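The values are calculated or read from the model by the stated rules, or taken from the named source; none is laboratory data. Note that the structure is a prediction, hence the values are computed from the model and not measured. Glycine also receives a Cβ, built like all others from the backbone with ideal geometry; neighbour counts cover every protein chain displayed.
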Amino acid sequence: MEIASKRKVGTLKIYINPESNQKLRVIAVDKQKTASVYLDSTFEVVARQKEIEIPFPLSPNKMLIKFESEQKIPLDGIEYVTQIKVIPKQFSKELYDFIDNVLSFSESASYSKLGLYADLKLDYADHVRDSTKKIIDTPARTHVQTGKITVSKALFKTFTIPQRVFTLLHERGHYEYREKYDPNSEQAKREHEKLADDFAIDMYMSLGFPEEEANNVMAKIIPNESYRDGRDQLIDFHTNTLNKLRNLKKYRNTWQKP
Ligand SMILES: [Zn+2]
C-alpha cells in the first residue's frame, strides 16, 4: 500500500480485525530511494483489536507500507494523519542543531558518500576498525573527549532510519557525559553505556519515534560478545523505561524547526 506522506510528521493508523492474538510485522520504506526504511517493527495484536497507531516523526514523500503475519489479518484500511510539530522544550540550540543533522544524515545514510561530516563531527567509514585496522562489529564508536563519531556504512545500510537516529544519539550521549568517563574502570565503562542509552532514549522518545525500533536497535549495538551479559540487563532496564514512556505518551510528535 502506498501513502503520500509528503515528508510530514504523522501517525499511521492501521485498521485491522484479527480473529486471534498474533504478530504483525509492519515495514515502511521510501518508494523512491533504496535502503531507506522508516519502520520495520513487529507488533503484538490481540483478537478483535481495531487499530494500531504508529508515530512517524520523519517520513518520505511517498511511503510504501508492507505487512507480514503468519495468519492473514483482515485489513480494513490505512490512514496517515499529519500533525503539527512542536520543539521539545529541553532542547538547547546546540543540541537542536546536532539533532537536526542527525535526522538528515540518518535519512540519507544508505546513499551518502564516505568521509567527514563536519557538522556532526562524524567520520563515515566503510567499517569501524580498531587500532590494528581489524573490523569491529559495531555500528558506531565515539571518542568520548572530542565527541568525534566513527560510523560503519556497512552496518548503517542495514539499519532502519529510526535505528540510525538512536545509534547516533547514543554516541552523542557518551560525549554529553564525558566528565563521567573513566577508561581504566570496567565498571565505569559499563555505567557509561547506561548513561549513553538513557540520553538516547530521552531524546529519541522526545522526537516521537516508535519505541519498537529502539528496542530492535539496542540488541544491535552490542559491541562484542564479552559485553553481552551487561547489555541484556540494559535491554531489560530500557524495556521497562520504554513501557513507562509508552503509557505516558507525553512526548509524541513534538518536533519542529525553531
Ligand atoms: Zn556506547
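Before moving on, here are some points about what is shown:
- One residue alone among SER104, SER41 is free of Cβ contacts under 8 Å to residues at least 12 places away in the same chain and within 20 Å of the chain's Cα centre (by Cα), and that residue is SER104.
- Applying the set (1) assigned to a loop (DSSP other than H, G, I, E, B); (2) out of contact with any strand residue (DSSP E or B) (no Cβ under 8 Å at 6 or more places or on another chain) to LEU95 leaves exactly one unmet item: (1).
- Counted residues, segment 4-17 - those being out of contact with any Ser or Thr (no Cβ under 7 Å at 6 or more places or on another chain) and surrounded by fewer than 20 Cβ atoms within 10 Å (Cβ to Cβ): 6
- Residue pairs meeting the criteria (Cβ under 6 Å; at least 6 apart or on separate chains; first hydroxyl-bearing (Ser, Thr, Tyr), in segment 19-36; second assigned to a strand (DSSP E or B) and surrounded by 15 or more Cβ atoms within 10 Å (Cβ to Cβ)): SER36/ASP30
- Of all residues in segment 158-188, those satisfying the criterion of being of a type in the set (Val, Ile, Thr), out of contact with any Ser or Thr (no Cβ under 7 Å at 6 or more places or on another chain) and more than 14 Å from the ligand (Cβ to nearest atom) are THR158, THR160.
- With respect to the conditions (1) of a type in the set (D, E, K, R); (2) over 27 Å from LYS8 (Cβ atoms); (3) away from the ligand (no atom under 15 Å from the Cβ), GLU191 falls short on a single one, namely (3).
- Condition check for ALA140: small (Gly, Ala, Ser), in the same structural domain as ALA196 (by TED's automatic domain parsing) and within 11 Å of the ligand (Cβ to nearest atom): yes
- Taken as a whole, the condition of being at pLDDT 95 or above, farther than 16 Å from MET203 by Cα and within 16 Å of the ligand (Cβ to nearest atom) applies to LEU122.
- Any hit, segment 143-150, residues being small (Gly, Ala, Ser) and closer than 30 Å to PHE43 by Cα: no
Table: residues versus (1) of a type in the set (Lys, Arg); (2) at pLDDT 90 or above; (3) outside any strand (DSSP E or B); (4) within 26 Å of PHE159 (Cβ to Cβ).
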residue: LYS6; (1), (2), (3), (4): yes, yes, yes, yes
residue: THR11; (1), (2), (3), (4): no, yes, no, yes
residue: SER20; (1), (2), (3), (4): no, yes, yes, no
residue: ILE73; (1), (2), (3), (4): no, no, yes, no
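- In segment 143-154, the residues that are farther than 24 Å from ALA188 by Cβ and more than 14 Å from the ligand (Cβ to nearest atom): LYS153, ALA154
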